[in-house]
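The values are calculated or read from the model by the stated rules, or taken from the named source; none is laboratory data. All of these numbers come straight from a predicted model, not from anything done at the bench. In this analysis, Cβ positions are derived from the backbone assuming ideal geometry, glycine residues included, and neighbour counts consider all displayed protein chains.
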Amino acid sequence: MGWVERVTPWFAVAVILLVAVWLAFPTWRSFDALLSSTDRQDVVWATPVMYLAALIGALLMGLVGVHAVSPSLLRLSDGSVRVLATLALVLMGLTFPLLVLRGELVPLAALVAYYLRIRRTLVDVLPPWCGGTWRPEKRRRRAGEEVIKRPPRTWDATSGVGPARAASPPTRSRRKQSKKKRRSGR
């Protein structure tokens, strides 16, 4: 059973990279049609850009998958894994629904492979929006570091167009409202 645990992550990476190869063909065809057409309207650019963004997202997800399966083969820092996964999911998230609306369901295999297998191994590295649990550490002050306290920004703000005016005390004091008294007989 140990071989299954070694084969399934690579199978997920192979699925993601095969989706990238599959996306390369419509990307090439759409750019070829764009360059050979004489009509240069904005609508013509939408299809090649959509396919290119989907291809780039699948390739970035493939890099994240290779790192997840074999960190010794592709050494990436945790920060770069977070950036690559975020970019890949943004590109895939924007383009794959458009591809599904066109009737192309093959790209969804890359998202399924990511969420079922790749994400599990990187759950400690990825941020919550990528399906992980990583939270940035809060910066703590050093022992000798001084804290600089500043007044609120509203104190620095000027009121009106002219130069800053000195704050004057309020002209009338506010009274604390009292609670309504109960009337007798109710």
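Inspect the stretch 40-58 for any residue being more than 29 Å from R102 (Cα to Cα) and modelled with pLDDT of 90 or more and give the result as yes or no.
Checking the stretch 40-58: not a single residue is more than 29 Å from R102 (Cα to Cα) and modelled with pLDDT of 90 or more.
Does any residue of the stretch 122-139 turn out to be within 13 Å of V13 (Cβ to Cβ) and in contact (Cβ under 8 Å) with a residue 60 or more places away in the chain?
Scanning the stretch 122-139 turns up no residue that is within 13 Å of V13 (Cβ to Cβ) and in contact (Cβ under 8 Å) with a residue 60 or more places away in the chain.
With the requirement that a residue be under 13 Å from Y114 (Cβ atoms) and touching a residue at least 40 places away in the same chain (Cβ under 8 Å), what does the stretch 82-101 give you?
Once the filter is applied, which keeps residues that are under 13 Å from Y114 (Cβ atoms) and touching a residue at least 40 places away in the same chain (Cβ under 8 Å), the stretch 82-101 yields A85, T86, L89, F96.
I'd like to verify a number: residues in the stretch 56-102 that are over 14 Å from L122 (Cα atoms) and within 13 Å of the chain's Cα centre (by Cα), how many?
9
Go through the stretch 111-144 and give me each residue that's over 19 Å from the mean Cα position of the chain (by Cα) and basic (K, R).
Answer for the stretch 111-144, where residues must be over 19 Å from the mean Cα position of the chain (by Cα) and basic (K, R): R117, K138, R139, R140, R141, R142.
What single numbered condition from (1) modelled with pLDDT of 95 or more; (2) closer than 25 Å to V125 by Cα fails to hold for P9?
In the conditions (1) modelled with pLDDT of 95 or more; (2) closer than 25 Å to V125 by Cα, P9 misses (1) alone.
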